[in-house]
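The values are calculated or read from the model by the stated rules, or taken from the named source; none is laboratory data. Every value quoted in this text rests on a predicted model; they were computed, and no experiment measured them. All Cβ positions, glycine included, derive from the backbone under ideal geometry; neighbour counts span all protein chains shown.
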Amino acid sequence: MPHRFPALIAAPERGEGRLWLAGGRLFDGVGGAISENAAILVEDGVIARVGSASEPCPDGARLVDLGGRTLMPGLIDVHTHVAGKVRQILRGAEPELPGTAAHFVQAELRGYLRRGVTTIRVTGSSDPLAPQEARQAMRYGAFRGPRLLTCGKIISATAPGGRFYGQMYREADGPDDMRRAVREQIRAGADFIKVMTTGARSNELEDPEPTQLTEAELAAVADETRRLGYRLCAHAEGLAGCQAAIQRGVDTLEHGMYLHQRPDLLAAMAAAGTVLVPTLSGYYEMAGLHGAIDPSATEPAPDMPAMLADLAWHNLEQGAATMRAARREGVALAVGSDVVHGTGLEVRRMIHHGLTAAEALLAATSTAARALGLSEHVGTLEPGRLADLLVIDGDPSREPGLLTDQDKIWLVMQVGVGAAGQALENTLALGAGGSLRAADP
């Protein structure tokens, strides 16, 4: 019996009828090549067939003329922290009301969809129920946002991180408490379990080098997660924590910036199919390189203590080296930005630090879907997959910068429903024969 992902259970209603999207380039997420003059038939929110624009529009289908644009799977970000942070309120201004943050969560999720991101994995939130609440609101039609997977609370040993991140963590000690923590997250609607095998480099009181959990504690988390049929994600920075996570068979390893120093661990990941999520953008953010692609061409403006900003620079160098070494070793790589609305930036940064554009696009589509256990549903343009589609005005394999230009995001479809993009924001007009086109400006 297939795993019951809460994220799939909470899916919005699918589009009805038939759509024929034709006349564009195609990046299918299966290989790295772009094909020309392609077409896709969508039936009731599912991809029915991939064909050629030279074919006539199928009977009963509505034509969507792509006008030479690129059609590809919707982007997937496997490492986000949706929180709906309210902007700083000035002294003397009206205090924040209890429900205000939920509206910021909604705005954040809409923002992902507008940037072509149709699936996200929330790897921790300062309000641990906010992702589930937003997902339920999307399920019942309150608004459109990306498909959302969440871990609930991050499972951690009692550690300084619990002081910094509060309700984001479920601190546990001893094997039995670890098992209880896993069960609590599943009870709360988690799609997967996340565990801290090391501390975090984003606070000044934790040393990310030693393993935080005992062997028995990590074994309990891994065993209970597997026993109940869920996937396991590990925050792992120091090499001891990376080794422990790999030996316990985690599905995805987040960060792992020093792994290039241990080729044996990378070889073990490749053999086991463990996916590495490099999260380069997290280091950029902590180093004060906001919005930059080439770190050497940007004047940093960090907003963290100098010790942490300096460490971020070091970790960026190490993480980029690990990403390249992982690719050479055959380790699967998935896009995880670790910052709000940073998916396109992460793709561009991975390219800057050594991946080809095709490799980075695969990391944001099919490999990301595999990392989440959703390969049978999203990530590629193949028959039977959900019609989560992105249409870009241009060719992102030649111009990756298109992914961070919202003016070039022409159409975002979610299960066959037009959900965002310039084509919807402009006035739409029905052309002759029922074709859909953007009206003249």
For region 362-379, name all the residues that are under 11 Å from Leu75 (Cβ atoms) and of a type in the set (Val, Ile, Thr).
-> Thr365, Val378
Scan region 103-147 residue by residue and report those that are small (Gly, Ala, Ser), farther than 24 Å from Ala364 by Cβ and within 18 Å of the chain's Cα centre (by Cα).
-> Ser126, Ala130
Filter region 412-441 down to the residues that are of a type in the set (A, V, I, L, M, F, W, C) and at pLDDT 80 or above, then identify the one that is surrounded by the most Cβ atoms within 10 Å (Cβ to Cβ).
-> Val412
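Give the residue that is surrounded by the most Cβ atoms within 10 Å (Cβ to Cβ), with candidates limited to residues of region 180-194 that are assigned to a loop (DSSP other than H, G, I, E, B) and of a type in the set (A, V, I, L, M, F, W, C).
If we take residues in region 180-194 being assigned to a loop (DSSP other than H, G, I, E, B) and of a type in the set (A, V, I, L, M, F, W, C), then Ala190 is surrounded by the most Cβ atoms within 10 Å (Cβ to Cβ).
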Flagged pairs (Cβ under 9 angstrom, 6 or more apart or on separate chains; first in region 21-34, touching a residue at least 60 places away in the same chain (Cβ under 8 Å) and under 19 Å from Leu403 (Cβ atoms); second in a strand (DSSP E or B) and of a type in the set (Lys, Arg)) are Ile34/Arg25
Do any residues in region 357-368 that are buried (at least 24 other Cβ atoms within 10 Å of the Cβ) have Cβ atoms under 6 Å from those of residues that are assigned to a helix (DSSP H, G or I), where the two are at least six apart or on different chains, and which pairs are they?
-> Ala360/Val347; Ala360/Met350; Ala360/Ile351; Ala364/Val347
Answer yes or no: is there a residue in region 226-245 that is touching a helix residue (DSSP H, G or I) at 6+ places or on another chain (Cβ under 7 Å), of a type in the set (S, T, N, Q) and in a loop (DSSP other than H, G, I, E, B).
-> no
From the list Glu55, Glu36, which one is of a type outside the set (Gly, Ala, Ser), touching a Lys or Arg at 6+ places or on another chain (Cβ under 7 Å), assigned by TED's automatic domain parsing to the domain that holds Val391 and exposed (fewer than 14 other Cβ atoms within 10 Å of the Cβ)?
-> Glu36
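Asp77 - would you say it is among the acidic types (Asp, Glu) and assigned to a strand (DSSP E or B)?
yes
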Taking interchain pairs and intrachain pairs at least six residues apart, which have beta carbon atoms under 8 angstrom, with the first residue in region 303-326 and assigned by TED's automatic domain parsing to the domain that holds Arg349 and surrounded by 17 or more Cβ atoms within 10 Å (Cβ to Cβ) and the second aromatic (Phe, Trp, Tyr) and part of a helix (DSSP H, G or I)?
-> Ala312/Tyr283; Ala312/Tyr284; Trp313/Tyr283; Asn315/Tyr283; Leu316/Tyr283; Leu316/Tyr284; Gly319/Tyr283
Would you check if Asp393 is crowded, with 22+ Cβ neighbours inside 10 Å and acidic (Asp, Glu)?
-> no
Give just the number: which of (1) at pLDDT 90 or above; (2) closer than 30 Å to Lys153 by Cβ does Val50 not satisfy?
-> (2)
Residue list for region 161-174, filter: over 26 Å from Leu372 (Cα atoms) and at pLDDT 95 or above | Asp173, Gly174
In region 304-353, how many are assigned to a loop (DSSP other than H, G, I, E, B) and either touching a Gly at 6+ places or on another chain (Cβ under 7 Å) or within 26 Å of Arg262 (Cβ to Cβ) (or both)?
-> 10
